[in-house]
Amino acid sequence: MNEPSDSAVVQRVIAGDLEAFALLVDRHHARMARYAFHLLGSDAEAEEAVQDSFVRAYRSLSTYAERDQFGAWIMRILVNRCRTRLVRDKRREETAAAWLREADQTFEPSDELANRDELSNALAQLPNEQREAVVLRYADELGYDEISSITGAKISALKMRVKRGCERLRAILEASRAGS
Amino acid sequence: MLDREPFLSDDVRARLRAPVDLGAGARARVMQRVREAAALSRVATRPRGMARPSVLGALLAASFVAAIVSGGTRSASGGGEQSTLADTIAMHFSTAAEVVTKAPVIDRERFVAVADETRNPAPSPQEGRRAAKQIRRD
């Protein structure tokens with residue numbers, strides 16, 4: 001039997017079949033978890049971002065117009081969610097660093113950051129825009145037009161971000177291997 | 001298409017593509033949160049402690065119409081007629097009509113003041129009446 005399309009499932013959910021939403025969760029959870037983990041660098045943060053994105057998508061389902069492109073739509077929600085978190089985390093880190101500087105102590109990354117594996121650590125050192133583009137390109141294997149529709153960035157800019165991001169990632173990984 | 005972009009080694013690409021496990025029951029936890037959100041939205045859309053706005057609006061409109069219709073026969077406690085909304089509106093219309101049809105009053109002192117400001121000679125009483133007539137014709 002053919003699996004119902006995302007658009008058909010969305011119609012069922014709008015009609016009141018809440019449990020049909022589980023089908024959408026099953027289909028899109030893995031790629032969303034991978035993206036969120038690579039962007040945020042922790043299981044807990046990734047899980048929260050993925051949950052928030054699904055809840056947000058559920059709430060906006062009745063107003064969602066592109067019903068045949070649920071995957072791209074929910075990825076857009078997740079990308080925005082991760083951006084918001086990264087901005088918030090950066091602010092927190094800056095505040096913490098400022099407090100520690102005032103107290104004449106050095107800022108050390110949390111255990112969570114220190115315990116990241118080599119790849120996560122290298123990804124974390126990329127600027128957010130480059131990390132986003134590299135992960136969507138190489139973890140999700142998306143075309144530039146799809147990445148553009150998800151991130152809202154121009155294709156030429158995305159190509160540059162991927163190129164520079166990969167160069168930087170390679171350099172970080174090589175330095176890390178040479179040092180160990 | 002990706003093969004034409006040899007920016008990353010196969011090893012790194014494979015590690016990027018590797019599934020990420022968010023722990024047992026991660027999908028079930030998503031559905032749990034979605035169910036909670038659905039329950040909350042059902043509660044939020046149900047009106048509580050008050051009539052539905054549409055019913056309330058209909059009641060207000062009906063009472064307003066009834067007040068206007070019955071207002072003409074209503075009497076004040078002192079025995080005299082109490083003016084209704086229609087009476088008040090009619091009074092405003094008749095006052096406005098009186099003002100419009102009344103001849104404008106031209107004050108000679110004002111003419112002189114204007115003449116002082118503009119350095120033009122003030123009109124004589126005859127000229128003033130002519131000016132008033134002109135204004136009336138307009």
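All of the numbers you see were taken from the coordinates with simple rules; none came from a lab. Computed from a prediction, not measured in an experiment: that's the story for all the values here. Note: ideal-geometry Cβ built from the backbone for every residue, glycine included; neighbour counts use all protein chains shown.
Counting every other Cβ atom within 10 Å of each residue's Cβ, B:30, A:13 order from fewest to most as A:13, B:30. Given R0 = 51 Å, the distance between the Cβ atoms of residue B:28 and residue A:156 translates into a calculated FRET efficiency of 0.75.
Averaged over the residues of B:8-19, the number of partner chain Cβ atoms lying within 10 Å of the residue Cβ comes to 5. The modelled label-to-label distance between residue B:62 and residue A:59, using points 7 Å beyond Cα along the C-beta direction, is 3.7 nm.
The packing ranking of peptides A:119-127, A:132-140, highest mean first, is A:132-140, A:119-127, where packing means the average number of other beta carbon atoms within 10 angstrom of each residue.
Coupling constants for segment A:151-157 follow from the phi torsions by the Karplus curve (6.51 cos²θ - 1.76 cosθ + 1.60, θ = phi - 60°), and in residue order they are 8, x, 8, 6, 4, 4, 5 Hz; glycine and proline get x. Note on A:168-178: average number of Cβ atoms from other chains within 10 Å of each residue's Cβ is 1.
Between amide H atoms placed 1.01 Å from N, distances below 5 Å from residue B:20 occur with A:34, all of them 5 or more places distant or on a separate chain.
Counting Cβ atoms of other protein chains within 10 Å of each residue's Cβ and taking the mean over peptide A:37-43 gives 2. Highest GNM mean-square fluctuation among A:162, A:87, A:79, for chain A modelled with Cα contacts below 10 Å: A:87.
Treat the count of other C-beta atoms within 10 Å as a stand-in for reagent exposure and order A:21, B:93 from fewest to most.
Going from least to most buried by this count: B:93, A:21.
Coupling constants for segment A:4-16 follow from the phi torsions by the Karplus curve (6.51 cos²θ - 1.76 cosθ + 1.60, θ = phi - 60°), and in residue order they are x, 5, 4, 5, 5, 5, 4, 4, 5, 5, 4, 6, x Hz; glycine and proline get x. When each of the peptides A:22-30, B:14-22 is scored by how many other beta carbons lie within 10 Å of its residues on average, the order from highest to lowest is A:22-30, B:14-22. Using the Kirkwood radius over C-alpha pairs as Rh, can you work out the diffusion coefficient of segment A:1-106 via Stokes-Einstein at 25 °C, viscosity 0.890 mPa s, in µm² per second? The estimated diffusion coefficient comes to 159 µm²/s.
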